[in-house]
Amino acid sequence: MSVIYDYLIVGQGLAGSALAHHLLALNKKILVIDENRENTSSKVAGGLYNPITGRKMVKTWKADTLFPFMHEFYQNIEKQLNTKFLYDTPIYRPFISMEEQNEWMGKSATPEYSLFIKKVHQGNLYDFSKDKFGGVELNYSGYLAVPKYLEAYQQHLKAQGCFLEDKFVYNDLEVGAEEVKYKDITCRKIIFCDGLGSLDGKYFSWLPFRPVKGEVIQLRANIELRHIINRGVFVVKKDDNYFEVGSNYDNKNMDLEPTEKAREEILGKMSDITDFSYKITDQRAGIRPATADRRPIIGMHPEYKTIGIFNGLGTKGVSLAPFFAHQYVEYLEADKELMNEVNINRYFSLY
């Protein structure tokens with residue numbers, strides 16, 4: 001006898017976990033399928049969230065909406081699961097000139113940026129930081145311990161009978177007008193939150209994904225670091241004497257093997273902003289499911305109305321997933337409109 005669900009979610013990364021959480025809050029019957037691979041982009045990611053990004057250091061897209069929502073979302077799950085994985089840590093970006101320092105002194109007084117700027121420093125923050133012109137210290141920044149969060153949420157799903165550890169097989173999916181069947185499972189809708197898996201699947205491979213490989217290096221060092229130093233690369237302390245440094249961007253080499261080239265690039269950029277002794281303990285690579293316009297892809301398939309997608313979060317999955325999962329659920333359950341910038345219909349002409 002078939003088991004009937006409201007939603008079958010493929011993938012338990014940042015997207016799938018957030019979507020599952022919002023659906024469970026509405027008492028929907030869901031099942032999440034994930035094969036628990038260790039090298040997914042979600043698990044390898046540094047997990048940083050940062051309201052002001054890019055070479056030109058501008059406020060990130062929808063920051064005023066996304067960041068307060070994100071904080072409340074993860075903090076509520078921390079309370080629910082009695083686990084800590086969200087670490088509010090000020091990001092510090094060193095200046096490279098006096099002109100840059102003056103520019104940020106001015107920005108800090110404007111309504112657009114004042115919420116996100118904690119302090120503008122005019123000299124060295126640490127004895128090992130290369131920041132003679134000072135730097136800007138940001139609010140609403142920090143990191144999510146992504147593997148810890150995903151593991152805790154997976155245990156939560158298992159406790160409710162909502163998780164199946166298995167590799168999803170596209171050929172076992174039968175698509176109907178009102179429901180879909182997968183092996184012995186029947187559901188009203190199936191939502192693919194499987195990152196790059198959608199590139200290889202039969203339903204969404206036509207979408208303009210632009211995969212980007214990134215690598216992260218783990219270090220041991222005996223320094224005190226109360227900020228995330230971030231310029232070119234990030235340096236973040238995640239535990240006693242345990243640090244992560246990353247990341248690079250490679251849109252040509254799409255394997256999951258760490259490279260010497262990336263190691264040299266990341267450590268070279270780290271030496272531009274810091275000077276301390278360390279020991280390398282690990283190096284990991286992941287591939288991010290970025291998109292052509294750097295916006296998520298959310299909605300239902302143009303032909304099959306029982307098949308949906310929540311994907312393309314790229315490098316900002318920590319901050320994007322909570323809010324847009326909520327918006328997707330309101331679309332699915334209350335027929336509310338999706339934001340034009342993320343709606344899959346912007347790509348229907350490619351199908």
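What longest range of the chain stays clear of loop-exposed GluC sites (Glu not before Pro) (DSSP non-H/G/I/E/B, at most 10 other C-beta within 10 angstrom)? So the longest stretch without any such site is 39-177.
Of the DSSP H helices in the chain, those with a Cα length along their own long axis of 24 Å or more and a mean Kyte-Doolittle hydropathy reaching -1.0 comprise 63-81, 317-334. Based on the Cβ-Cβ distance from Asp239 to Asp200, what FRET efficiency comes out when R0 is 22 Å, to the nearest 0.05? E between Asp239 and Asp200, to the nearest 0.05, is 0.05. Overall, the stretch 96-151 carries a charge dipole of about 140 debye about its Cα centre when +1 sits on the Cβ of Lys and Arg and -1 on the Cβ of Asp and Glu, all other atoms neutral. A simple spin-label model places the labels of Ala292 and Asn253 2.8 nm from each other, with each point 7 Å out along Cα-to-Cβ.
Below 8 Å, C-alpha to C-alpha, sequence gap of six or more: please give me the relative contact order for the stretch 283-351 in percent. Reported relative contact order: 33 percent. Fully extending the segment from Arg263 to Tyr304, taken as 0.36 nm per residue of separation minus the present Cα-Cα distance, adds 10.4 nm. I want to verify a result. In a Gaussian network model of the chain, Cα cutoff 10 Å, which of these has the top mean-square fluctuation: Lys118, Lys336, Lys28? It is Lys336. In this structure, the pairs whose alpha-carbon distance is over 28 Å, taken from Lys79/Lys238; Lys59/Lys238; Lys59/Lys279; Lys183/Lys305, are Lys59/Lys279. In this structure, Arg37 and Glu178 have a Cβ-Cβ separation that, at R0 = 35 Å, corresponds to a calculated FRET efficiency of about 0.60. Largest first and in whole Å, the equivalent-ellipsoid semi-axes of the stretch 247-292 read 23, 13, 9, each the square root of five times a Cα gyration tensor eigenvalue. Normalised by the number of residues in the stretch 190-255, the mean separation of alpha-carbon contacts (under 8 Å, six or more apart) gives a relative contact order of 33 percent. By the helix-only formula, in which each DSSP H run with n ≥ 4 contributes -39500 (n - 2.57) and the sum is divided by residues, the chain has a 222 nm mean residue ellipticity of -8500 deg cm²/dmol.
Hey, in the GNM for the chain with a 10 angstrom Cα cutoff, which one of Thr89, Thr60, Thr291 fluctuates hardest? In this elastic network of the chain, the residue with the biggest mean-square fluctuation among Thr89, Thr60, Thr291 is Thr60.
Checking every one of the trypsin sites (Lys or Arg not before Pro) in the stretch 138-177 against DSSP loop status and a limit of 13 other Cβ atoms within 10 Å picks out Lys167.
Simple point charges give the picture: +1 on the Cβ of Lys and Arg, -1 on the Cβ of Asp and Glu, and for the stretch 211-347 a dipole about the Cα centre of about 160 debye. Extension gain, Ala25-Glu333: 0.36 nm per intervening residue step, less the Cα-Cα distance, totals 109.7 nm.
Reducing the stretch 303-345 and the stretch 267-297 to their Cα centroids gives an inter-centroid distance of 27 Å. Here the relative contact order of the chain, from alpha carbon pairs under 8 Å that lie six or more residues apart, stands at 23 percent.
Using the Kirkwood radius over C-alpha pairs as Rh, can you work out the diffusion coefficient of the chain via Stokes-Einstein at 10 °C, viscosity 1.306 mPa s, in µm² per second? For these conditions, the coefficient is 75 µm²/s. If only the Cβ of Lys and Arg carry +1 and only the Cβ of Asp and Glu carry -1, the dipole of the stretch 47-134 around its Cα centre is close to 120 debye. Ordering Ser97, Ser141, Asn241 by the projection of their Cα atoms onto the charge dipole of the chain, which places +1 on the Cβ of Lys and Arg and -1 on the Cβ of Asp and Glu, puts Ser97 at the extreme positive end.
Here, each number is a calculation from the coordinates, and none is a lab measurement. Owing to the predicted nature of the structure, the values given are computational and were not obtained by experimental measurement. Here the Cβ is made from the backbone with ideal geometry for all residues, glycine too, and neighbour counts use every protein chain on show.
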